[in-house]
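Read through the structure below, which is laid out as structure tokens, and then see the notes.
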């Protein structure tokens, strides 16, 4: 039986990369077809493109309110963390697309500024089984993508520590919608890590009578991300101006200003490491290579800042010319950078947070350290800098870890098995009897094959916010002119 899958996600960011890799892996199977639906993607200049907004969307009430909500969130954050927090006002109902109506199963990924709870419920009303692949905690919280040790989602999100009190209504509103829609329809969740699975199950949104969850790891193209030969490694280093005998250390994330990524602790660890090399009179030369937004200097360590890299072959080359990958995330699920480094045979030294301890063997492919422990990172670096043979041993094991755990074919096979199981169990069940009024509303207000904007004002406590949003938008336009 051939399976047709409608896959919905944002194509930008790490979650988009993971979703694209799964889509590619699935299409390698002849009995599977995948239709992709996404709002955002990146153009050739790596700029974000919104495929759903018409040219006059800036003056559209829904878009102004959505932008205003983003502004409110950005200006009402507490010092707890600056990691991503999103509301529910940016959303589209895509249940009118013929490919979605005709598919066998809908696979949702990271859709935080694409589909809200109500939009997902519209997909459920088509009578299609839904699989939701999680990439962070957003599906079961009041808006935070990482809860940062807060356990409010286990009961409610009425007192959000990431938002100032006068914006607590937003988290409350988000969470109530999660409970109303997501908590009341059958969904099979997929988590890339046991850590995220356990978080989901502990939430009030998770309904043990309607929800199931499986753990399937993300994958990486092992033909693109692979170790370089000695000759190739020398050639790549020459291109970047990195001396062949230097120990090359790689770091990377979207932005070093994101507190969750722990850059200040990483920076401190590298300063300690540079000082320790001098104090121990070690003549080891270090080159630091960074990918992402941000540049910095560390006395005694040469730094090559490469900025954003979007081409996978270029990313693979960059990783494979390095000797170690460092990560000091304070909270994370299953970082692509760690998967890619392992596949390139680059040992990983990382904090033992979130799903990271599940990703590799710290005795064979790298090391794990305690969160925020710059001293431990420095000591680990110093130990490895003095033991090049151990780095080589870790390197071989890292590639074996990747081949065993992150094969695209293995990931796709597990998904296909899950798709078939859910399709079989859903036959005979229909949501049609419960959804006629909603379907009639869609038919009367839209044309076949076009997305429908869900009114953003529904996600504000009162209509006065619309006037506030238009005034804010008008002032913003004036300030630009």
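Kindly check whether there is at least one residue in segment 7-27 that is assigned by TED's automatic domain parsing to the domain that holds residue 452, part of a helix (DSSP H, G or I), free of Cβ contacts under 8 Å to residues at least 24 places away in the same chain and more than 30 Å from residue 259 (Cα to Cα). First the steps, then the outcome.
Taking segment 7-27 as the starting set, the residues that turn out to be assigned by TED's automatic domain parsing to the domain that holds residue 452 are 7-27.
With the extra rule that they be part of a helix (DSSP H, G or I), the set shrinks to 13-26.
With free of Cβ contacts under 8 Å to residues at least 24 places away in the same chain added as a condition, the list becomes 20, 23.
Filter once more, keeping what is more than 30 Å from residue 259 (Cα to Cα): 23.
Checking segment 7-27: at least one residue is assigned by TED's automatic domain parsing to the domain that holds residue 452, part of a helix (DSSP H, G or I), free of Cβ contacts under 8 Å to residues at least 24 places away in the same chain and more than 30 Å from residue 259 (Cα to Cα).
Here's the yes/no breakdown for (1) farther than 22 Å from residue 215 by Cβ; (2) in the same structural domain as residue 212 (by TED's automatic domain parsing); (3) under 22 Å from the mean Cα position of the chain (by Cα); (4) part of a helix (DSSP H, G or I):
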{"position": "114", "(1), (2), (3), (4)": "yes, yes, yes, no"}
{"position": "118", "(1), (2), (3), (4)": "yes, yes, yes, yes"}
{"position": "122", "(1), (2), (3), (4)": "yes, yes, no, yes"}
{"position": "142", "(1), (2), (3), (4)": "yes, yes, yes, no"}
{"position": "150", "(1), (2), (3), (4)": "yes, yes, yes, no"}
{"position": "159", "(1), (2), (3), (4)": "yes, yes, no, no"}
{"position": "166", "(1), (2), (3), (4)": "yes, yes, no, yes"}
{"position": "178", "(1), (2), (3), (4)": "no, yes, yes, yes"}
{"position": "197", "(1), (2), (3), (4)": "no, yes, yes, yes"}
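Tell me, please, whether a residue that is closer than 28 Å to residue 352 by Cα, at pLDDT 95 or above and surrounded by fewer than 17 Cβ atoms within 10 Å (Cβ to Cβ) can be found in segment 163-182.
No; the residues of segment 163-182 include none that is closer than 28 Å to residue 352 by Cα, at pLDDT 95 or above and surrounded by fewer than 17 Cβ atoms within 10 Å (Cβ to Cβ).
Checking the structure you have, find out if any residue of segment 229-241 is in a strand (DSSP E or B), in contact (Cβ under 8 Å) with a residue 24 or more places away in the chain and loosely packed, with under 15 Cβ neighbours inside 10 Å. So far as segment 229-241 goes, no, none of its residues is in a strand (DSSP E or B), in contact (Cβ under 8 Å) with a residue 24 or more places away in the chain and loosely packed, with under 15 Cβ neighbours inside 10 Å.
Can you say whether residue 101 is in the same structural domain as residue 186 (by TED's automatic domain parsing), free of Cβ contacts under 8 Å to residues at least 40 places away in the same chain and farther than 23 Å from residue 139 by Cα, as far as the supplied structure shows?
Criteria met by residue 101.
Checking each residue in segment 277-293 for being crowded, with 16+ Cβ neighbours inside 10 Å and either within 26 Å of the chain's Cα centre (by Cα) or part of a helix (DSSP H, G or I) (or both) picks out 277, 288, 289, 290, 291, 292.
Based on what the data block shows, is residue 32 surrounded by 14 or more Cβ atoms within 10 Å (Cβ to Cβ), assigned by TED's automatic domain parsing to the domain that holds residue 417, under 30 Å from residue 104 (Cα atoms) and modelled with pLDDT of 95 or more? Step through it out loud before you land on a result.
Working: surrounded by 14 or more Cβ atoms within 10 Å (Cβ to Cβ): yes; assigned by TED's automatic domain parsing to the domain that holds residue 417: yes; under 30 Å from residue 104 (Cα atoms): yes; modelled with pLDDT of 95 or more: yes.
Answer is yes for this residue.
As a summary of the residue check, residue 202 satisfies the conditions (1) on the phi < 0 side of the Ramachandran plot; (2) in the same structural domain as residue 7 (by TED's automatic domain parsing); (3) touching a helix residue (DSSP H, G or I) at 6+ places or on another chain (Cβ under 6 Å); (4) buried (at least 21 other Cβ atoms within 10 Å of the Cβ) except for the one numbered (4).
Within segment 58-73, residues that are closer than 22 Å to residue 163 by Cβ reach partners that are not in a helix (DSSP H, G or I) with beta carbons closer than 6 Å, at six or more positions or on different chains, in the pairs 65/89; 66/89; 66/90; 69/87; 69/89; 73/85. Could you check, for segment 314-326, whether at least one of its residues is without any contact (Cβ under 8 Å) to a residue 60 or more places away in the chain, under 23 Å from the mean Cα position of the chain (by Cα) and surrounded by fewer than 16 Cβ atoms within 10 Å (Cβ to Cβ)? Yes, segment 314-326 contains a residue that is without any contact (Cβ under 8 Å) to a residue 60 or more places away in the chain, under 23 Å from the mean Cα position of the chain (by Cα) and surrounded by fewer than 16 Cβ atoms within 10 Å (Cβ to Cβ). Residue 225 passes every criterion in (1) assigned by TED's automatic domain parsing to the domain that holds residue 124; (2) touching a helix residue (DSSP H, G or I) at 6+ places or on another chain (Cβ under 7 Å) apart from (1).
Yes or no, residue by residue, for (1) more than 22 Å from the chain's Cα centre (by Cα); (2) surrounded by fewer than 20 Cβ atoms within 10 Å (Cβ to Cβ); (3) closer than 28 Å to residue 462 by Cα:
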{"position": "59", "(1), (2), (3)": "yes, yes, yes"}
{"position": "64", "(1), (2), (3)": "yes, no, yes"}
{"position": "69", "(1), (2), (3)": "no, no, yes"}
{"position": "84", "(1), (2), (3)": "no, yes, yes"}
{"position": "90", "(1), (2), (3)": "no, no, yes"}
{"position": "98", "(1), (2), (3)": "yes, yes, no"}
{"position": "103", "(1), (2), (3)": "yes, no, no"}
{"position": "107", "(1), (2), (3)": "no, no, no"}
{"position": "110", "(1), (2), (3)": "no, no, no"}
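Any idea which of 390, 342, 368 is without any contact (Cβ under 8 Å) to a residue 40 or more places away in the chain, outside any loop (DSSP other than H, G, I, E, B) and within 24 Å of residue 197 (Cα to Cα)?
Working: 390 fails: within 24 Å of residue 197 (Cα to Cα); 342 fails: without any contact (Cβ under 8 Å) to a residue 40 or more places away in the chain.
Exactly one of 390, 342, 368 is without any contact (Cβ under 8 Å) to a residue 40 or more places away in the chain, outside any loop (DSSP other than H, G, I, E, B) and within 24 Å of residue 197 (Cα to Cα), namely 368.
Confirm whether residue 49 is in a strand (DSSP E or B) and in the same structural domain as residue 165 (by TED's automatic domain parsing). It is true that residue 49 is in a strand (DSSP E or B) and in the same structural domain as residue 165 (by TED's automatic domain parsing). Considering (1) in a helix (DSSP H, G or I); (2) under 22 Å from residue 16 (Cα atoms), the lone condition that residue 189 does not fulfil carries the number (1).
Could you count how many residues in segment 458-470 are in a helix (DSSP H, G or I) and either within 14 Å of residue 63 (Cα to Cα) or in contact with a helix residue (DSSP H, G or I) (Cβ under 6 Å, 6 or more places away or on another chain) (or both)? Steps first, answer last, please.
To start, the set of residues in segment 458-470 that are in a helix (DSSP H, G or I) comprises 458-459, 464-470.
With the extra rule that they be either within 14 Å of residue 63 (Cα to Cα) or in contact with a helix residue (DSSP H, G or I) (Cβ under 6 Å, 6 or more places away or on another chain) (or both), the set shrinks to 458-459, 465-470.
Adding up the residues that qualify gives 8.
Filter segment 242-266 down to residues that are surrounded by fewer than 17 Cβ atoms within 10 Å (Cβ to Cβ) and without any contact (Cβ under 8 Å) to a residue 60 or more places away in the chain and give me whichever is nearest to residue 376 (Cα to Cα). Only one residue tops the list, namely 264.
The values are calculated or read from the model by the stated rules, or taken from the named source; none is laboratory data. This is a predicted model, so every value here is computed, not measured. Cβ coordinates were reconstructed from backbone atoms using ideal geometry, including for glycine residues, and neighbour counts include every protein chain displayed.
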